[in-house]
1. Let me check I have the definition right: for region 66-160, take the eigenvalues of the Cα gyration tensor, multiply each by 5, take square roots. What are those semi-axes in whole Å, largest first?
2. Please list, by residue number, every one of the GluC sites (Glu not before Pro) in region 77-156 that is coil in DSSP and has at most 11 other beta-carbon atoms within 10 Å.
3. Which one, T63, T120, T97, has the greatest fluctuation when you compute a Gaussian network model over the chain with C-alpha springs under 10 angstrom?
4. For L89, L103, give me the order by solvent-accessible area with a 1.4 Å probe, most accessible first, ignoring ligands, DNA and RNA.
5. What is the magnitude of the charge dipole of region 103-160 about its Cα centre, with +1 placed on the Cβ of each Lys and Arg, -1 on the Cβ of each Asp and Glu, and no other charges, expressed in debye to the nearest 20?
6. Straight-line reach from K159: which lysines fall under 21 Å, measuring Cα to Cα and dropping same-chain residues less than 8 apart?
7. Which cross-chain or sequence-distant (5 or more) residues have an amide H under 5 Å from the amide H of L127, H modelled 1.01 Å from N in plane?
8. Can you give me the % of accessible surface on region 1-150 that is carbon or sulfur? Probe 1.4 Å, all protein chains present, nothing else counted.
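The values are calculated or read from the model by the stated rules, or taken from the named source; none is laboratory data. Keep in mind that this is a model prediction, so the values were computed, not measured. Please note: Cβ atoms are built from the backbone with ideal geometry, for glycine as well, and neighbour counts cover all protein chains shown. Heavy atoms of the whole protein, side chains included, go into the accessibility calculation; ligands, DNA and RNA do not. Shrake-Rupley method; radii C 1.70, N 1.55, O 1.52, S 1.80 Å.
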Amino acid sequence: MDLSDLSTLIQQLSTKKVPDASNMCFGIVVSENKADISGNLLRGCVLTLEEHGALPENIHIKTVPSAFQLVYGANQMTLTGNYDAVILLGCIIRGETSQFDLLGRGIYDGISHLMTFKETPIVCGVLTTETMEQAIARSQSGPLNRGSECAVEAIKMAKF
């Protein structure tokens with residue numbers, strides 16, 4: 001690759017269009033814990049998938065009790081081979097104990113392991129915030145909604 005190709009590629013990174021998702025099927029695993037936050041992430045995710053052409057019947061949603069079970073849910077969804085990408089949505093908020101660090105590490109290690117050994121892209125939309133206010137800000141409707149960002153990432157990874 002010569003430098004002119006590199007310059008073109010760099011320019012395209014900021015203007016890269018989202019592929020059409022009309023022929024794609026998505027699995028979403030969402031944590032029941034912190035339901036207001038998870039629900040807003042899910043809403044942003046589904047609306048964005050549909051905006052880019054995903055059909056409602058090709059968006060399959062499963063719930064798990066807490067964010068820690070998201071890895072199990074993702075693994076189960078990848079076993080079917082029916083999904084172009086799997087999206088995980090949830091939230092953990094730092095408290096007064098080390099549980100936040102242990103949960104965060106366990107979730108991200110598990111997802112990293114699955115992404116290494118599975119053929120299906122897995123997109124992580126687990127908010128890890130210091131406060132409820134931060135979680136609300138990242139789950140509200142609009143451009144910062146992490147669920148919406150995950151939908152775009154899933155479409156792009158499905159097309160990888």
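1. Numbers: eigenvalues 111, 62, 15 Å².
Computed over region 66-160, the values are 24, 18, 9 Å.
2. Numbers: sites: E96, E119, E130, E133, E149, E153; in loops: E96, E119, E130.
For GluC sites (Glu not before Pro) across region 77-156 that sit outside H, G, I, E and B with at most 11 neighbouring Cβ atoms in 10 Å, the list reads E96, E119, E130.
3. Result for the chain, Cα springs under 10 Å: T97 fluctuates most.
4. Numbers: L89 0, L103 40 Å².
Result of the area sort, largest leading: L103, L89.
5. Details: 6 positive and 6 negative charges, 34 e Å.
Using only the charged Cβ atoms, the result is roughly 160 debye.
6. Those lysines meeting the cut-off are K16, K17, K118.
7. G90, C91, I92
8. Working: 4610 of 8530 Å².
Reported share for carbon and sulfur atoms: 54 percent.
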